[in-house]
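Working notes, structure below.
The values are calculated or read from the model by the stated rules, or taken from the named source; none is laboratory data. Note that this is a predicted model, so its numbers are computed, not measured. Cβ placement follows ideal geometry from the backbone for every residue including glycine, while neighbour counts extend to all protein chains displayed. What goes into the accessible areas is simple: the full protein's heavy atoms, side chains included, and nothing from ligands, DNA or RNA. Shrake-Rupley method; radii C 1.70, N 1.55, O 1.52, S 1.80 Å.
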Amino acid sequence: MKKLCKKFGFLFTKEKIKIYIYTCSQLISFLMAFLTNLFFTRYADPTGYGEYRYATNFLLTIPTFFAFGIPFCCSRLIARDSSDEKHKVLTAGFYVTSILSVMVSLGLYLVSLTGRFDKLGKVQMVFPFIIIFALKNLFIQVYQGTGKTNRYAAFTLAQNLIVLLGIFVGNKIYGELPFKWCIIVFILSNILTMIPILSRMRYRTDKDSFGTLISEIKLNGIQMYCSSIITTSASNLIALICGSQYGFAEYGYYSLALSFARCFTLISSAMTVVKFRDNVNQRFIKKSDMLFMGALNAIIYGVFIIFGKPIFFIFFSKEYAIAYDYLVVLGIAYLFDGMTLYFNRFFVARGRGDTVVKNSIITSVVNIAVSVALIPKFEIKGLVSATVISATFNLLQYIVSYLAYRKKEIKEINLQEK
């Protein structure tokens, strides 16, 4: 018995238990998100569902284009100083993000008034709320910096619960869910779940805090910003463009698959959040962490392949069959994306933004080239294929980068010892 405990003890360390707790809470969140999508597809037609997903993804994507690395910088500085939400640099980040959000919202209004972008005009009502989602991105990163993963888990649980409740209330009032009601519920869910961190913040800051934030942006933030823009944000923007070209219904099928595919980042995301604070002061990634993450990811995808299809069609009609086909491919892409994110955040924690930017630029070139080659011919199917190709390339690239980094660090350690 003692030998077994010793052999498998690494599975039950304090850190691993924290990961299990966080993962369980995320599983509950994904279950609630599943129910949300299920009832949305039941109470709204495919076009209405697609329009809702287009608008919400628009809200989630646009703020990333003017973040300038502020969320990452605040998170890293808070982790470095072993601080919390009362850190003055967070207040500085809060004010800068708010001002930028207002400017972007006004700019979008002016562009939509030209009438040149039909789809932009249809989501005009969400423009004033861009500030909510910009601040949400900031707070999500802060939860990593403070190490308060349980609060972050509660954040996501509460949000999904509010949306789910809003669907049932809307169905009772209207029958078929109207677009405006769905959007209002989605925005409200994000506002309410931000109240705890807003109540703990200090709204006074000083010039030194702004100076510290600007210095960190120049040193690491702008690199992280460029990385995000040319990878994740660019991919999301490509998807939004495809939705405007090929219709809300097709975009709805893709978005449904995408929402479930994100489940495959569950293990990797949990480890990324839990380990971020430690990685600021940790020189290498633990081999046991990588084996743990890889093994669980493989098991999750294997179980999905065996049981996924029959379970999917218990809840969704054959009308959504194409969404399942997308999910099989996107599941692989998001497994790889989750593991890539772990490497990415490790380099961020270690202040190696140059590596992140270099990898992001190369991946972006590959993603754009593959998208240009496949999307015009295969439309949304081309978008799905391009996603998995770029995700695979990105993971391999980060593995190579980490091995090179590790080799260099070991060499420096050996020189110091001599």
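Values as computed for the structure displayed
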read-out	value
Sole exception among (1) free of Cβ contacts under 8 Å to residues at least 60 places away in the same chain; (2) small (Gly, Ala, Ser); (3) surrounded by fewer than 23 Cβ atoms within 10 Å (Cβ to Cβ) for residue 364, by number	(1)
Pairs, first farther than 16 Å from residue 48 by Cβ in the range 163-178, second open to solvent by less than 40 Å² (accessible area, probe 1.4 Å) and of a type in the set (A, V, I, L, M), C-beta under 6 Å, six or more apart	164/32
Condition check for residue 355: surrounded by fewer than 24 Cβ atoms within 10 Å (Cβ to Cβ) and not hydrophobic (A, V, I, L, M, F, W, C)	yes
Answer residue from the range 43-53, given it is open to solvent by 20 Å² or more (accessible area, probe 1.4 Å) and modelled with pLDDT of 80 or more and is nearest to residue 124 (Cα to Cα) among those	51
Filter result for the condition that a residue is of a type in the set (Phe, Trp, Tyr), in a loop (DSSP other than H, G, I, E, B) and in contact (Cβ under 8 Å) with a residue 12 or more places away in the chain, over 336, 304, 284, 346	284
Among the residues listed as 183, 222, 229, 217, the single one being part of a helix (DSSP H, G or I) and over 23 Å from residue 72 (Cβ atoms)	183
Among (1) buried (at least 20 other Cβ atoms within 10 Å of the Cβ); (2) at pLDDT below 85; (3) among the polar types (S, T, N, Q) - the single one residue 245 does not satisfy	(1)
Of all residues making up the range 379-418, the number that are more than 25 Å from residue 268 (Cβ to Cβ), within 26 Å of the chain's Cα centre (by Cα) and either open to solvent by less than 30 Å² (accessible area, probe 1.4 Å) or of a type outside the set (Lys, Arg) (or both)	3
Qualifying residue in the range 57-66 (condition: outside any helix (DSSP H, G or I), under 20 Å from residue 188 (Cβ atoms) and among the hydrophobic types (A, V, I, L, M, F, W, C))	no
Filter pass, residue 270 being open to solvent by less than 20 Å² (accessible area, probe 1.4 Å), at pLDDT below 80, within 27 Å of residue 352 (Cβ to Cβ) and not polar (S, T, N, Q)	yes
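Let's see how each residue does on (1) modelled with pLDDT of 85 or more; (2) more than 21 Å from the chain's Cα centre (by Cα); (3) surrounded by 18 or more Cβ atoms within 10 Å (Cβ to Cβ):
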| residue | (1), (2), (3) |
| --- | --- |
| 8 | no, yes, no |
| 19 | no, no, yes |
| 29 | no, no, yes |
| 34 | no, no, no |
| 38 | no, yes, no |
| 70 | yes, no, yes |
| 80 | no, yes, no |
| 89 | yes, yes, yes |
